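Presented below is the structure to which this report refers.
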Amino acid sequence: MSRPPKSPPPFPTKPFGLLLVEGGDEQKLCEAIAGPTVWSGLVCWKASGRADLPNLAKLATLDPSFGHARSVGVLLDMEDDSEEALALVQKILAALNVTAPFVHGTFVPGAAPKVGVFVSPNGEQTGSIDGLCKQAVRDPALATCVDTLVACAGRPHTTQARGMKGWLDAYLAMQPEPLRLHQALNGSEIFDLNHVAFDPLRAFLQAL
């Protein structure tokens, strides 16, 4: 097993929370809503896509300093197939040597370290972090315009996850300076980072 092209940051030799995410957008969102105090106590490893998460989890357990981890949290998107996502969760948990049943957003008690998985947007619906971000946009007038665009285009996306990503991309493209999601999460001008839509994920990160 080899490390990803960009090696993840090393583990400290003192207690820390480990966060595994599927990509850069997820990492940036977690950093933005966790806040600097919580984030400073975490080490975040970014996979090269959802399918790489089991490998990244296994790699983490092989690190000599993994024993200092007080907890491991994993964030991934449900995307378009809940059964496929839950099967991936089981592979991630197996890589982390967790045998307890999976409960969305809940850390397994008694494990060393404790392990939890958050499947966005809410552990039940198909979709992704884009759905959480859509709820927290700061310009309702622009959001209405994007709704009109999507309706005029005949709702071209065949799945909820793709539709939500397309909606958010259109919203971000209509900013004074067109942005990508990770750029829009720098600061709080585009999204209300304290919005209740982010509260479950925020609580998950605080529990790390």
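The values are calculated or read from the model by the stated rules, or taken from the named source; none is laboratory data. Source: prediction; values computed, not measured. Here Cβ is always computed from backbone atoms with ideal geometry, including for glycine, and neighbour counts include all displayed protein chains. Surface areas here come from the heavy atoms of the whole protein model, side chains and all, with no ligands, DNA or RNA. Shrake-Rupley method; radii C 1.70, N 1.55, O 1.52, S 1.80 Å.
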Exercise. Pick from Leu86, Leu185, Leu29: which is most flexible by mean-square fluctuation in a GNM of the chain where alpha carbon atoms under 10 Å apart are linked?
Worked result: Leu86
For this session: On a 0 to 90° scale, report how tilted helix 160-173 is relative to the longest principal axis of the chain, with both axes built from alpha carbons and the result rounded to the nearest 10.
Result: 70
For this session: Can you tell me which of 157-163, 45-51, 74-80, 143-149 comes out highest on packing, and rank the rest after it, using the mean Cβ neighbours within 10 Å?
Result: 74-80, 45-51, 157-163, 143-149
Seminar exercise, completed: Listed by chain and number, the aspartates and glutamates with an alpha carbon less than 20 angstrom from that of Lys14, same-chain partners under 8 positions apart left out, are Asp63
Exercise. How long is the chain along each principal axis, judged by its Cα atoms, biggest number first, in Å?
Worked result: 54, 35, 32
Problem set entry | Accessible-area value, His182, 1.4 Å probe, nucleic acids and ligands omitted, Å² | 80
Exercise. Where does helix 82-95 land angle-wise versus the long Cα axis of the chain, in degrees 0 to 90, nearest 10?
Worked result: 30
Problem set entry | Amide proton proximity set for Asp77, modelled H, under 5 Å, gap of 5+ | Ser120
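Counting pairs of alpha carbon atoms under 8 Å apart in space and at least six apart in sequence, what relative contact order in percent does the chain give?
Working: 315 pairs, mean separation 48.6, N = 208.
Relative contact order of the chain: 23 percent.
Please compute the net charge surrounding Gln135, taking Lys and Arg as +1 and Asp and Glu as -1 over other residues with Cβ under 14 Å from its Cβ.
Details: positive: Lys134, Arg138, Arg202; negative: Asp130, Asp139, Asp147, Asp192, Asp199.
Neighbour charge sum, excluding Gln135 itself: -2.
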For this session: Output the relative contact order of the range 129-185, whole-number percent, from Cα pairs under 8 angstrom with separation of 6+ residues.
Result: 33
Seminar exercise, completed: Once both label points are put 7 Å beyond Cα along the C-beta direction, the Ala207-Ala94 separation in nm becomes 2.4
Problem set entry | Per-residue [θ]222 nm for the chain (sum of -39500 (n - 2.57) over DSSP H runs n ≥ 4, rounded to 500) | -12000 deg cm²/dmol
For this session: Please work out the average accessible area per residue across the chain, using the 1.4 Å probe convention, and give it in Å².
Result: 50
Exercise. Just Val150, Val108, Val43 to compare: in a GNM of the chain, with alpha carbon springs under 10 Å, which one fluctuates most?
Worked result: Val150
Problem set entry | Nearby lysines by direct alpha-carbon distance to Lys134 (threshold 17 angstrom, same-chain neighbours under 8 apart not counted) | Lys28, Lys165
For this session: May I ask for the angle, rounded to the nearest 10°, between helix 140-152 and the longest principal axis of the chain, with both axes built from Cα atoms and the value confined to 0 to 90°?
Result: 80
Exercise. Could you give the Stokes-Einstein D for the range 129-185 in µm² per second, using the C-alpha Kirkwood radius, 25 °C, 0.890 mPa s?
Worked result: 213
